[in-house]
Amino acid sequence: KETLTIGPIKGIPPPTLASNKILTLFDFAKGCYVFKDGKLIECTQEEAIEQWVGFLIKTPSERFEVYNETPFGTYIENLVGYKDIGFVASEIQREINEACTGNRAITGIERFSCNREGRMLHISFRVIGTDTESEVNINVG
């Protein structure tokens, strides 16, 4: 018997972006999967890429055993307090770019931007997929 946990799931990515998988929509603001009429909402390929990148950014590297020995996750949370925003932005862009190259549905990122407001980092960029392009805007901190 399988157990399904629904609700805030911090740092757990959706399935890989294979075309034969049903992918469900995740609301990062609320921290849970999206339901309508009691059913999980399927997401488009574009939304799936956005979600995968969102989970990637919000998952700290080496924190969860399931991701040990995988390139999934980032060290972004370690950079939040640095004063040199140029260094922080450069490191975050490098980490995201390296991790995205491991996803066969993503060919690259462009128009990267990172701004700080207090301890919050606002990260945005365009993800270039094999079949689609998508804007990613996410806050970390």
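The values are calculated or read from the model by the stated rules, or taken from the named source; none is laboratory data. Note that the coordinates shown come from a computational prediction; the quantities given were computed from them, not determined experimentally. Every residue, glycine as well, gets a Cβ built from its backbone with ideal geometry; the counts of neighbours run over all protein chains shown. The protein model used for the area step is the full one, side chains on, heavy atoms only, and it has no ligands, DNA or RNA in it. Shrake-Rupley method; radii C 1.70, N 1.55, O 1.52, S 1.80 Å.
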In the set Glu110, Glu98, the lone residue that is surrounded by fewer than 12 Cβ atoms within 10 Å (Cβ to Cβ) and either touching a His at 6+ places or on another chain (Cβ under 6 Å) or part of a strand (DSSP E or B) (or both) is Glu110
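Would you confirm whether any residue within the stretch 4-18 is of a type outside the set (S, T, N, Q), at positive phi and either at pLDDT below 85 or surrounded by 18 or more Cβ atoms within 10 Å (Cβ to Cβ) (or both)? Before the answer, list the steps.
From the stretch 4-18, those of a type outside the set (S, T, N, Q) are 4, 6-15, 17-18; that's our starting set.
Now narrow it down to the ones that are at positive phi: 7, 11.
Filter once more, so that each one left must be either at pLDDT below 85 or surrounded by 18 or more Cβ atoms within 10 Å (Cβ to Cβ) (or both): 7, 11.
Looking for residues that are of a type outside the set (S, T, N, Q), at positive phi and either at pLDDT below 85 or surrounded by 18 or more Cβ atoms within 10 Å (Cβ to Cβ) (or both), one finds at least one in the stretch 4-18, hence yes.
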- [ ] Using the structure shown, decide if Phe87 is farther than 19 Å from Ala29 by Cα and at pLDDT 85 or above.
- [x] yes
Within the stretch 118-131, residues open to solvent by less than 30 Å² (accessible area, probe 1.4 Å) and modelled with pLDDT under 90 come out as Leu121, Gly129
Of the residues in the stretch 69-88 that are open to solvent by 20 Å² or more (accessible area, probe 1.4 Å) and under 27 Å from Thr130 (Cα atoms), the one that is farthest from the chain's Cα centre (by Cα) is Glu69
Could you tell me whether the stretch 82-90 includes any residue that is among the small types (Gly, Ala, Ser), within 16 Å of Ile109 (Cβ to Cβ) and in a helix (DSSP H, G or I)?
yes
Within the stretch 99-109, identify whether any single residue is of a type outside the set (Lys, Arg), under 20 Å from Ser61 (Cα atoms), at pLDDT below 90 and over 15 Å from the mean Cα position of the chain (by Cα), and answer yes or no. no
* To do: For the stretch 70-81, state whether one or more residues are out of contact with any helix residue (DSSP H, G or I) (no Cβ under 9 Å at 6 or more places or on another chain), more than 22 Å from Met120 (Cα to Cα) and outside any helix (DSSP H, G or I).
  => yes
Quick count over the stretch 21-68, residues being among the basic types (Lys, Arg) and either in a loop (DSSP other than H, G, I, E, B) or crowded, with 17+ Cβ neighbours inside 10 Å (or both), is 4
